[in-house]
C-alpha cells in the first residue's frame with residue numbers, strides 16, 4: 001500500500017475513470033479531485049458501486065451453505081452466480097451486475113413486499129467509506145463473510161446499523177422503520193461493521209469476527225482492541241418502487257428485520273487499488289454507474 005501526495009490526486013481520478021472504461025463500465029466515474037480532511041460519518045472519501053438486481057432466490061451461502069431452498073427469499077446483487085452452493089472460488093470466477101466489472105462481490109438482502117406483491121428493487125448502491133484513520137485502513141481479506149443487522153429483530157434496530165428514509169420527495173428523515181413517502185419512494189440503508197479481529201473470515205454467528213468502530217477523542221473513529229484491523233465501512237443503499245412504506249414487509253418478517261449479507265469475492269487487486277488510491281489517499285473517487 002502507498003499514500004499519494006495531494007499533487008497526484010487529479011491523475012488518480014483520471015486513472016480510475018480509464019480503468020472503469022477498460023473493465024466495461026458503461027459510464028465513467030463521477031469524482032472530485034479534492035482531498036477530504038474530515039473523516040466524519042458522512043465523509044465522501046472512498047467510492048460507490050451501483051449494481052443491478054440479479055434475481056430473487058431462496059438461498060443463503062453464509063447461513064445455509066449447500067442448502068438450496070433453506071431460509072427465506074433474498075434479493076441478490078453484484079455477482080451473478082451467487083446461490084446456496086457458492087464458494088469463494090466460484091464467486092471469483094463469476095461475472096458482475098455492477099458498474100465496475102471487477103466487483104464480483106456478493107451482496108444480498110431479504111426480499112421486500114408491498115402489501116402483497118413481491119417488489120423488484122429499483123436501485124442498489126454500495127458505498128465504500130471510512131470513518132477510522134484512512135492511513136491505517138486495510139482492504140477486506142479474501143473471502144470475508146459478514147452479516148449486518150438482525151434478521152430476527154422484533155423491535156427497532158439502531159439507526160447506526162439500519163435506517164429508512166424516502167427518495168425523490170416525501171419525508172427524508174432517517175427513521176427506524178419505513179413510512180408513507182408520499183410522492184417519494186422507500187429507501188433503506190444498512191451499515192456494516194468496519195473493524196475485523198484479524199483472525200477468521202467468518203464466525204459461528206457470522207458477526208463476532210467483526211465490530212463497529214466508535215467515536216474517538218480525535219478526528220477519527222477507533223476500533224476496539226479485540227478487533228484492531230480497520231477495513232472499509234460498507235453501506236448498502238436500496239430503493240424499492242413503493243410509495244407507502246408502512247405497507248412494506250420483508251421475507252424475514254417486519255421491516256424491523258432488515259439485514260444484509262456480504263462476501264468479499266472482489267478481484268482483490270482491484271479492491272486493494274481502490275483502497276489505496278481512494279480511501280488511503282483521501283479522495284472521493286465517485287460512483288461506478290451501471
* Could I get the Rg over Rh figure for the range 140-186? Both from C-alpha atoms, Rh via Kirkwood, rounded to two places. => 1.13
* To do: Normalise the Cα radius of gyration of the range 111-260 by 2.2 N^0.38 Å (N = residues in it) and let me know the number.
  => 1.11
* To do: May I ask you to sort 272, 277 by Cβ crowding, counting other Cβ atoms within 10 Å and putting the fewest first?
  => 272, 277
* Structure fact -> Yeah, the range 6-288 with a ≥ b ≥ c from its alpha-carbon gyration tensor (a/c under 1.5 is rounded, else prolate when a/b outruns b/c, oblate otherwise) is rounded
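Quick note: the coordinates plus some simple rules give every number you see, no bench work behind them. Not measured: the values here are computed from a predicted model. Positions of Cβ are generated from backbone atoms using ideal geometry, with glycine treated the same way; all protein chains shown enter the neighbour counts.
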